[in-house]
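Have a look at the structure below before the remarks.
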Amino acid sequence: MCSIIGYYGDGLAAPILVKGLKRMEYRGYDSVGVATETGNEISVKKGVGKVSEVNNALHLDAMLGNVGIGHTRWATHGNVTDANAHPHPSSSGKIAIVHNGIIDNYGELKSDLEKRGYVFKSQTDSEVIANLLQFNFDEVHDIKSAMMRTVSKLKGHYAFVAMFQNGTLAAARYHEPLIVGIGKNGYFMSSDVLGFIEKTDDAIYLDNGELVVLDQVGIHIFNFEGIPVKHQITKVSKEFADVYKGDYAHFTLKEISEQPETVIQAGEKSKAAIDSVTDVLKHAKNIYITGSGTSYNAALVAKYLWQKYAKIKAEPIISSEVFFAPDTIEPNSILVAVSQSGESADVLEAVNIAKKSNSKILAIVNTLTSSLAQESSLVIGMNCGPEIGVAATKSFTAQLSIIYKITEKLCDGCIKLDSRKISESIAKILEDHSKIKEIAKELREISDIYILGRGVHYPIAAESALKLKELTYIHAEGIPGGELKHGPLALMDSSVYVIIINPNDFTYNDTLTSAREIKARGAKIIGISDKPSDVYDHWIEIPAIDEALYPLIEIIPIQLLAYYAAIEKDTDPDYPRNLAKSVTVK
Ligand code: G6P
């Protein structure tokens, strides 16, 4: 999603803003812009492309001024054009804003302002904030009151930072993240601590419904009714600063390669929370487990494991579906919410709905300062470090590791998660990429790929399809093995590739039979297994491990395959088109 950033201090604002935007580019990235203030004048530069491209073309970082705002956009309202990029100045150019979120009632606000003579230059919902704020400021001549009047009219989810002609910054948060950074020589306002972590690790996490005014006197925080609010300063973990690719060509490859360590670290700092969660689950009447994208696939694995090994039922629900079937969640239940970012709007909405019916929220989350962590009564930290590549990789295996740890406790040790052994097995798969690179070349021209798995391997097939879609733009579909004959078999011919997830466990023989049925129709077979077979055109070997634990390792070769196929297709694996790492709008 979009990132917003503001700086007010002694340094030159533009280079600081551009650097901050680069670090947050993972949130959204179709266009970029910066506005600064010098001598009571606001200048704006913006354009379509990545931060470095737009910066090279427009020299954003050479803009003058000690106050500024910046933005990376992921289009929701209006095409990807220079005019729709942020910052948006008001009609008079005396205020400029950057915005993350959606203003639901922008249509009526816009026509009202147009009637009053305000001119709109973009198709965005965001521009209405600039003009509404200008209208209110011209009425009351006071920044705080103008902000209060403005937020009282806005409907939707938003965080925005406004820069006034006199160099004052003002910001508001309502269901989109906004964090204040307090540096020695300046203040920051940013969607993510990554926006300012190089400059300071002192942060204030604003709550929903709060306003900030930053001027020569200092920083003032109010609620939407104008009452001053006091906040603790939080020390942000320095590990967030570790967002460089190092020697890796892409963040995605770096993050795939970190998994031998991250599966060990997962949940390590949350041992007490894992115990408490297990206890709560053992005594719960109804358990639901929710997430979006990859996190939902991890939720599906939890359903299989808890049912099979602990005889505990958990109903998985796709977070974005909860709103449309809110009664699915019985009152006084437990909702386990899984999310890397802890900021996915769909997950937060599901949590909100569950809380209204008095359910307890348990979170498995990577970002411990996120909205989800704040909304939950028990929080297990994935502890896998920042994940920048849009396609989730190390966060998925961290989620699975935690789910396994909970399973182990739920079933009183009937399965054992030997993290060291898992780590070694993953390291073994990662040792040599050459075979996977060769197979990736064959995927360059294909348009359809299917992934088959039975039982607990079906969620891994679904996650594999998601990785292939996100990174290669090839149509990919995960199929529960037995469903093949109920439809998908009609699609099998020599143009198709099928990945068979077939470790040597109780699903092995049935899945091998499916592979033979597919092969008979001419499709090419890639087998992921610890056991070779003549049916595979390509065999990707995984180490033999305890049969309960295969899901933790069998996804690794498919992550690599998706990565290398993206390289073959010359797509950007870190920033797939049209996608964002953290989808903070509905
Ligand atoms: C977006 C990302 C996916 C991710 C999903 C859930 O759609 O592109 O990669 O799996 O959000 O994100 P979360 O942070 O809630 O796990």
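The values are calculated or read from the model by the stated rules, or taken from the named source; none is laboratory data. For clarity, every value in this text was computed on a predicted model and none was experimentally measured. Here the Cβ is made from the backbone with ideal geometry for all residues, glycine too, and neighbour counts use every protein chain on show. What goes into the accessible areas is simple: the full protein's heavy atoms, side chains included, and nothing from ligands, DNA or RNA. Shrake-Rupley method; radii C 1.70, N 1.55, O 1.52, S 1.80 Å.
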Can you find a residue in segment 135-154 that is more than 23 Å from A14 (Cα to Cα), open to solvent by 10 Å² or more (accessible area, probe 1.4 Å), under 26 Å from the mean Cα position of the chain (by Cα) and assigned by TED's automatic domain parsing to the domain that holds G65?
-> yes
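Check segment 469-487 and report whether any residue there is farther than 25 Å from T278 by Cα, in the same structural domain as I542 (by TED's automatic domain parsing), among the polar types (S, T, N, Q) and away from the ligand (no atom under 16 Å from the Cβ). Write out each step before concluding.
From segment 469-487, those farther than 25 Å from T278 by Cα are 469-487; that's our starting set.
Next cut, in the same structural domain as I542 (by TED's automatic domain parsing) only: 469-487.
Subsequent filtering for residues that are among the polar types (S, T, N, Q) retains 472.
Of the ones still in play, those that are also away from the ligand (no atom under 16 Å from the Cβ) are none.
No, every residue in segment 469-487 fails to be farther than 25 Å from T278 by Cα, in the same structural domain as I542 (by TED's automatic domain parsing), among the polar types (S, T, N, Q) and away from the ligand (no atom under 16 Å from the Cβ).
Could you tell me whether segment 554-569 includes any residue that is assigned to a strand (DSSP E or B) and surrounded by 20 or more Cβ atoms within 10 Å (Cβ to Cβ)?
no
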Does T407 satisfy the condition of being more than 12 Å from the ligand (Cβ to nearest atom), under 25 Å from L579 (Cβ atoms), open to solvent by less than 20 Å² (accessible area, probe 1.4 Å) and not in a strand (DSSP E or B)?
-> no
Can you pull out the residues in segment 379-434 that are in contact with a helix residue (DSSP H, G or I) (Cβ under 6 Å, 6 or more places away or on another chain), hydroxyl-bearing (S, T, Y) and within 16 Å of T278 (Cβ to Cβ)?
-> S401, T407
Note down all Cβ pairs under 8 Å where the first residue falls in segment 277-293 and is in contact (Cβ under 8 Å) with a residue 40 or more places away in the chain, the second is among the hydroxyl-bearing types (S, T, Y) and more than 16 Å from the ligand (Cβ to nearest atom), and they're at least six residues apart or on different chains.
-> A284/S333; K285/S333; N286/S333; I287/S333; Y288/T328; Y288/S333; Y288/S359
Confirm whether D572 is among the acidic types (D, E), surrounded by fewer than 20 Cβ atoms within 10 Å (Cβ to Cβ) and either outside any loop (DSSP other than H, G, I, E, B) or within 16 Å of the ligand (Cβ to nearest atom) (or both).
-> yes
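Condition check ((1) open to solvent by less than 10 Å² (accessible area, probe 1.4 Å); (2) under 26 Å from E375 (Cβ atoms); (3) not assigned by TED's automatic domain parsing to the domain that holds I103) across all residues:
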site: H157; (1), (2), (3): no, yes, no
site: G167; (1), (2), (3): yes, no, no
site: A171; (1), (2), (3): yes, yes, no
site: E176; (1), (2), (3): yes, yes, no
site: V180; (1), (2), (3): yes, yes, no
site: Y187; (1), (2), (3): no, no, no
site: D192; (1), (2), (3): no, yes, no
site: A203; (1), (2), (3): yes, yes, no
site: L206; (1), (2), (3): yes, yes, no
Is one or more of the residues making up segment 446-458 surrounded by fewer than 21 Cβ atoms within 10 Å (Cβ to Cβ), modelled with pLDDT of 95 or more and part of a helix (DSSP H, G or I)?
-> no
